[in-house]
Amino acid sequence: MNDMSIWPDPGLTDTALLCTQGDFAGAGRLAVRNPADGAMIAQVAMSDAHGARAAADAADAAFPGWSTMLPQKRAALLHRWHALIVEAKEDLARIMVAEQGKPISEARGEIDYAASFVQFYAEEALRPNIEGVTSHLEDAEMELWREPVGVAALITPWNFPTAMITRKAAAALAAGCSVVIHPSAETPLSALALAELSRRAGFPEGVMNTVVGDAATIVGEWTADARVRALSFTGSTEVGRLLYRQSADTVKRLVLELGGHAPFIVFEGADMDRAVQEAVKAKFATSGQDCLGANRFYIQRPVYEAFCTRFAAAVEALTLGRGETDPDIGPLIHERAIEKQEQQVADAVAKGATLLTGGTVDEALGPLFFRPTVLRDVPDEAAIMSEENFGPIAPITPFDTEEEVVARANATEYGLVAYLHSHDPRRIYRMTRALQFGMVAVNRTKVTGAPIPFGGVKQSGMGREGARQGLEAFTDIKYVCRDWG
Ligand code: NAD
């Protein structure tokens, strides 16, 4: 640990972290607990509706100066924030392990991923924001100006507590928006550490405001506020629907990154070593608590037995433990997540599935450590085949034809990502076209990164994050037509 002094000592109640949002505090303290053992690692000052309004006031007051600042200056501040995040990587990763539970290697990977958005959008801030139009009117000259929309509200989940903030905030700030941020109650420390680093980077006051508190109260204040012109949310489809409705009255720009139910499809002839290896990654990264997590495995019948046997053996070899010991899988976030795993296993087995490995809590480690689990012959009627698992359970089912697996894979309200393993180029083409998902990964698992537009179709959300497309929700087009006649 270096001396960045952003580490919250156990029981600490008055640090730079807490001061970051002191202006908006006033609703008691939130206890932050380590999911590995339930120990309280910090208390954070909470805000109420008044604090949420004060944050929106500050962002609104900062907007004129920030939006008209030379893009070079905005870019320089983003580069400085990036450098501080990179410098504080180890502290940020350890904070994340302590409040979120993920293995330390994954936490370090998330800090790299989070920092990459800040760097990417620092560079995007410099790209031209004016486009010419070939005129269709005599003597007229036309331009499209991309202008920042105003204050943007950013609401983030606990599973990627750092990257989901930078993916939104860096794009909004590069576009010229000031922001109000509400992190999940499970992981406020990662958010407050980022806020502290942004303060050290020297962003003008009011440009970036982080508010911890009761989600419905804080976010409700912002959805009702006409000055908040954009809302970017990552979280469950259920809460996404609610925020969509709440944003209607003030007609906000929306980015909704919601739930997923990714199919993982393996055809006969695919490289089986690779398919098994990628299946483990697609299911168990982030201890299964990942919107991109593979939720159901469709394996073509001729290779079904081989896949089940080899996949179950690979899963049995995974290690479960506290994040700081760098296991493959850490604890789940809270008791509700454990209850869901237990219900989904019991339901699948009652409907005819066979448990190959796992299926229970490892009591010796603690109540939130659920063993990596594989179920085979899981019928489509089992709850786990349609509701998000968000944990370490892999349900497998056989299929016969391409048409059949397309129909079953698409039979979901979700449409975030699909994984496909095949070595037949024509089949890959047909399948990629037919799968109704915002992202399709072929013969690999990792697809994310700052240069790609991340996002889903159907009820997995709307809008894209990352890439140039990630700026769209934070900008409006102003069309200017000048007459030289
Ligand atoms: P969640 O929807 O419960 O909470 C997400 C955020 O919404 C939190 O900050 C929470 O405080 C806030 N929130 C909760 N209730 C609210 C309310 N009534 N009004 C306003 N805000 C409210 O989701 P979660 O459990 O934190 O995260 C898991 C979900 O996020 C999964 O469904 C997962 O698939 C999804 N997710 C999606 C992506 C993506 O990019 N598509 C990425 C990560 C996670």
Val255 - would you say it is in a strand (DSSP E or B) and either more than 8 Å from the ligand (Cβ to nearest atom) or within 30 Å of Phe399 (Cβ to Cβ) (or both)? yes
Number of the condition not met by Glu141 [criteria: (1) out of contact with any strand residue (DSSP E or B) (no Cβ under 8 Å at 6 or more places or on another chain); (2) open to solvent by 60 Å² or more (accessible area, probe 1.4 Å)]: (1)
Only one of Asp14, Asp37, Asp57 that is of a type in the set (Asp, Glu), in the same structural domain as Cys177 (by TED's automatic domain parsing) and at pLDDT below 95: Asp14
Run Ala364 past the list (1) open to solvent by 60 Å² or more (accessible area, probe 1.4 Å); (2) at positive phi and report the number of the one that doesn't hold. (2)
Of the residues in the stretch 319-362, those that are under 25 Å from the mean Cα position of the chain (by Cα), closer than 22 Å to Trp158 by Cβ and either of a type in the set (Ser, Thr, Tyr) or assigned to a loop (DSSP other than H, G, I, E, B) (or both) number 11
Report, by residue number, each residue of the stretch 367-390 that is within 16 Å of the ligand (Cβ to nearest atom), in a loop (DSSP other than H, G, I, E, B) and either open to solvent by 10 Å² or more (accessible area, probe 1.4 Å) or in contact with a Pro (Cβ under 7 Å, 6 or more places away or on another chain) (or both). Leu368, Ser386, Glu387, Glu388, Phe390
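If we keep just the residues of the stretch 207-247 that are in a loop (DSSP other than H, G, I, E, B) and more than 10 Å from the ligand (Cβ to nearest atom), which is surrounded by the fewest Cβ atoms within 10 Å (Cβ to Cβ)? If you could, list the steps in order and put the result at the bottom.
First, the residues of the stretch 207-247 that are in a loop (DSSP other than H, G, I, E, B): 207, 211-212, 214, 225-227, 235-236.
Narrowing the set further to residues that are more than 10 Å from the ligand (Cβ to nearest atom) leaves 207, 211, 225-227.
Numbers: Val207: 23, Val211: 29, Asp225: 20, Ala226: 10, Arg227: 13.
Filtering the stretch 207-247 for residues that are in a loop (DSSP other than H, G, I, E, B) and more than 10 Å from the ligand (Cβ to nearest atom), the one surrounded by the fewest Cβ atoms within 10 Å (Cβ to Cβ) comes out as Ala226.
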Residue, farthest from the ligand (Cβ to nearest atom), within the stretch 160-197, restricted to residues that are polar (S, T, N, Q) and buried (at least 24 other Cβ atoms within 10 Å of the Cβ): Ser178
Tally of residues being surrounded by fewer than 18 Cβ atoms within 10 Å (Cβ to Cβ) and polar (S, T, N, Q) across the stretch 449-485: 1
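Can you tell which of Phe307, Phe297, Phe311 is part of a strand (DSSP E or B) and modelled with pLDDT of 95 or more?
Phe297
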Could you tell me whether Thr250 is of a type outside the set (Gly, Ala, Ser) and near the ligand (Cβ under 9 Å from one of its atoms)? no
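The values are calculated or read from the model by the stated rules, or taken from the named source; none is laboratory data. Everything numeric in this text was worked out from a predicted model, so none of it was measured. We place every Cβ from the backbone using ideal geometry, glycine too, and count neighbours over all the protein chains shown. What goes into the accessible areas is simple: the full protein's heavy atoms, side chains included, and nothing from ligands, DNA or RNA. Shrake-Rupley method; radii C 1.70, N 1.55, O 1.52, S 1.80 Å.
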